[in-house]
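Just below is one structure, and these are the notes that go with it.
The values are calculated or read from the model by the stated rules, or taken from the named source; none is laboratory data. Treat the numbers as computed from the prediction; the structure is a model and nothing was measured. Using ideal geometry, Cβ is built from the backbone for each residue, glycine included, and neighbour counts are taken over all protein chains shown. Just the protein is used for accessible areas: all its heavy atoms, side chains included, with ligands, DNA and RNA removed. Shrake-Rupley method; radii C 1.70, N 1.55, O 1.52, S 1.80 Å.
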Number of protein chains: 2
Amino acid sequence: LNRIKASGLKLQFCTNETQATREKFVKKLQGMGFDISVAEVTAPAPAACRILKERSLRPHLLVHDDLVPEFAEIDKTNPNCVVIGDAAENFTYANLNEAFRVLIGVEKPVFISLGRGRYYKETDGLKLDVGAYMKALEYACDIQAEVVGKPAKMFFETALAEMGIPPQQAIMIGDDIVNDVGGAQRCGMRALQVRTGKYRSVHTLHP
Amino acid sequence: LNRIKASGLKLQFCTNETQATREKFVKKLQGMGFDISVAEVTAPAPAACRILKERSLRPHLLVHDDLVPEFAEIDKTNPNCVVIGDAAENFTYANLNEAFRVLIGVEKPVFISLGRGRYYKETDGLKLDVGAYMKALEYACDIQAEVVGKPAKMFFETALAEMGIPPQQAIMIGDDIVNDVGGAQRCGMRALQVRTGKYRSVHTLHP
């Protein structure tokens, strides 16, 4: 990363992290010794905020407590849409019913999901990810969520806009063949897969 | 009902109720003045128990506390499948993760759902039904649930077997065009829709 920065190339970090604000995420990486700032991070929550503002949507949030500050400037009164993230412990029966009632109560429900992950591993075991709860609400309301975050095309377009360059001049580097490499390629970028992180020599479509 | 019984016709009650045992369900109806016994009720939980026994499956239960007694005789040690019902308050983040881990941990996961309802209304508002949580786990595990209960063909076949008659000699009476009428017709029975209960003059496919 230091060599890329020293060379004068533009650099943007693309993450699907929705359990914390970019501030927290950046502090964690700085603590590990990385030279990184909040402005260099493209994440699903700010992408969702742009959509909400553009379309004058007032969200009901079903997200992790630590993510709420990302939506500080968004009007959340009298909600007319739902934004779902990896809410973890906030995925309670009551909270899911509440989000459902918002969606079923508006004429043309808008449902924004900060990712479509199936599950992930934590030290105390496997956990259902946002995608599972997204599917539950999609089925109950007979609607389709708009997914922001990788591998959505718009997510990569946002990162490119933040750097001010066209896709042909950018290269995506990541460990996830679907979310990183596939998403970037569909956006017209070239992509490199690193053989670290979640890389395995044989990949299934849904890792 | 009294006239049907007096005529000598055989009678079986088909319910998708999974928040209580048949005993509780029957007591409630008896309290309303209906002449009904447990043996006359076909319900999803006993149908699931038959499947579990036939295929030597040991279920992890994600169901309402009041339904657990229906599974009293089933071996639940070292589970190799999951049975999901309308668990209501038992649909917690922890319980959903636990059911998910059972499913993802076995080689050929069997997932039995006591219905596929989207939502229902209670005095304090709309609630997500079992179908929504079924979809969440289906997506996370990339599997399909086996649905017992109406409108599954096997559910009606069980009711017919309990009466000892072929489908051509039976008629289904219900208020739900999909779960009652459609399900019975696909099973070779004739069906009547009553214009009470959830009947509306215009029906959508997913009421």
Straight-line reach from B:Lys27: which aspartates and glutamates have Cα under 12 Å away, leaving out those fewer than 8 places along the same chain? B:Asp35
Using only the alpha-carbon atoms, what does segment A:44-147 span along each of its principal axes? Please give whole angstrom values in decreasing order. 39, 28, 22
Defining the label point at 7 Å along Cα→Cβ, can you sort the distances from B:Lys76 to the same site in each other copy, shortest first, in nm? 3.7
Cut-off 10 angstrom, C-alpha nodes, Gaussian network model of chain A. Which of A:Phe91, A:Phe34, A:Phe71 fluctuates the most? A:Phe34
Long-range tail of P(r) for segment A:93-186 (Cα pairs > 24 Å, %): 37 percent
Placing +1 on the Cβ of each Lys and Arg and -1 on the Cβ of each Asp and Glu in chain B, which of B:Ile74, B:Ile112, B:Met154 has its Cα farthest towards the positive end of the resulting dipole? B:Met154
Apply the Debye scattering formula to chain B, with a single equal point scatterer on each alpha-carbon and no solvent, then give log10 I(q)/I(0) at q = 0.07, 0.09, 0.11, 0.18 Å⁻¹. -0.22, -0.36, -0.54, -1.40
homo-copy label distances at A:Lys10 (7 angstrom along Cα-Cβ), nm, one dp, ascending, are 7.5
What per residue convex hull volume, in Å³, do the alpha-carbon atoms of the protein assembly as shown yield? 170 Å³
Taking placed amide H atoms and a strict 5 Å upper bound, the residues 5 or more places from B:Arg190 or on another chain that come that close are B:Ala170, B:Met172
For segment B:1-99, run through the trypsin sites (Lys or Arg not before Pro) and keep only the ones in DSSP coil with at most 16 other Cβ atoms within 10 Å of their Cβ. B:Lys10, B:Arg55, B:Lys76
Could you tally up the Lys pairs in segment B:44-147 with alpha carbons closer than 19 Å? Skip any pair fewer than 8 positions apart unless they're on separate chains. 5
Using only protein heavy atoms and a 1.4 Å probe, report how much of B:Glu157 is accessible, in Å² to the nearest 10. 80 Å²
Exam field: B:Glu54 pseudo-label spacings to other copies (7 Å along Cα-Cβ), nanometres: 5.2
Provide the per residue accessible area, probe 1.4 Å, for the protein assembly as shown, rounded to a whole number of square angstrom. 51 Å²
The protein assembly as shown - mean residue ellipticity at 222 nm from DSSP helices (-39,500 (n - 2.57) per run, n ≥ 4, rounded to 500): -9500 deg cm²/dmol
Can you pull the percent of segment B:44-147's accessible area that's carbon plus sulfur, 1.4 Å probe, other chains left in place? 46 percent
Cα to Cα, under 14 Å, and not fewer than 8 places away if on the same chain: which aspartates and glutamates meet these conditions relative to B:Lys24? B:Glu40, B:Asp65, B:Asp66, B:Glu70
